Amino acid sequence: MGGVVRGLPGYRLIADTATCAAAVAACREHRPDLVIFGWHFSDGPGCTLLKTLVTELPATRWLALLPHPSGRAVHEAISHGAQACVMQQSGLSSLREAILRLGSGGTFYCSISARLLLESIRQQSGSRADHLTEREREVLRYFAAGANPKRIGALLNTSAKTVQNQLSHIRQKLGVESTAGLVRYALHAGLD
């Protein structure tokens, strides 16, 4: 993983830890823009890192590297603030793409993690009525696919500010506060 990070322009590896406690300490010390973390540390689960630091480091982007396909793990990672989930077996190209998308403000869910999340959400919750307009659904579809407001604006021939306003309105309509919540809703509603 370190080789992938070192091979991307504009990125540098600042810490490589084996324990969750060491990862928490390194994050607090360096306040990184991006954290790539495994789902299992020798002293506990990777979600502990999210639970401990997501609110403390709001500007940090979180990429969960999952060892095996698990809808529960994907759902848990996203619920606790991860903006990307990549399966270890997905390969280096998926990891590179996830890093680059997070670096530009987007999200990334490899096809396996997106499918698993959708299945997990559908199992855990009943269907909700869709109160979004077709345009809001379109904005949300692009957003869930990882496009940032500027890119969505270009695709829909509108401004990034308008897209940000639409996303804010969508959040209010759905009662969702986080990016992960919007992505979860989009996957649940089949907008992926």
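Laboratory data are not the source of any read-out in this text; all were calculated from the coordinates shown. Just so it is clear, the structure is predicted and the values come from calculations on it, not from any experiment. Because the Cβ atoms are built from the backbone with ideal geometry, glycine has one as well, and the counts that use them run over all protein chains shown.
In table form, for the structure just shown:
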quantity: Fewest-first sequence of ILE78, ILE152 by Cβ atoms within 10 Å of each Cβ; calculated: ILE152, ILE78
quantity: Computed E for TYR11/ASP43 - FRET, C-beta separation, R0 45 angstrom, nearest 0.05; calculated: 0.95
quantity: Whole-Hz couplings from phi, Karplus 6.51/-1.76/1.60, listed for segment 9-15; x for Gly and Pro; calculated: x, x, 10, 9, 7, 9, 7
quantity: Segment 134-188: relative contact order in percent, alpha carbon pairs under 8 Å with at least 6 residues between; calculated: 37 percent
quantity: Taking TRP62, TRP39 and counting other C-beta atoms within 10 Å, the order from fewest to most; calculated: TRP39, TRP62
quantity: VAL35 long-range amide H proximity, modeled H, under 5 Å; calculated: ARG61, TRP62, LEU63
quantity: Sites LEU156 and ALA22, calculated FRET efficiency, Cβ-Cβ separation with R0 30 Å, nearest 0.05; calculated: 0.10
quantity: Cα centroid separation - segment 155-176 against segment 49-65, whole Å; calculated: 24 Å
quantity: Vicinal HN-Hα couplings computed from phi for segment 41-58 (Karplus, 6.51 cos²θ - 1.76 cosθ + 1.60; Hz; Gly/Pro x); calculated: 9, 5, 10, x, x, x, 5, 4, 4, 5, 4, 7, 10, 4, 6, 6, 10, x
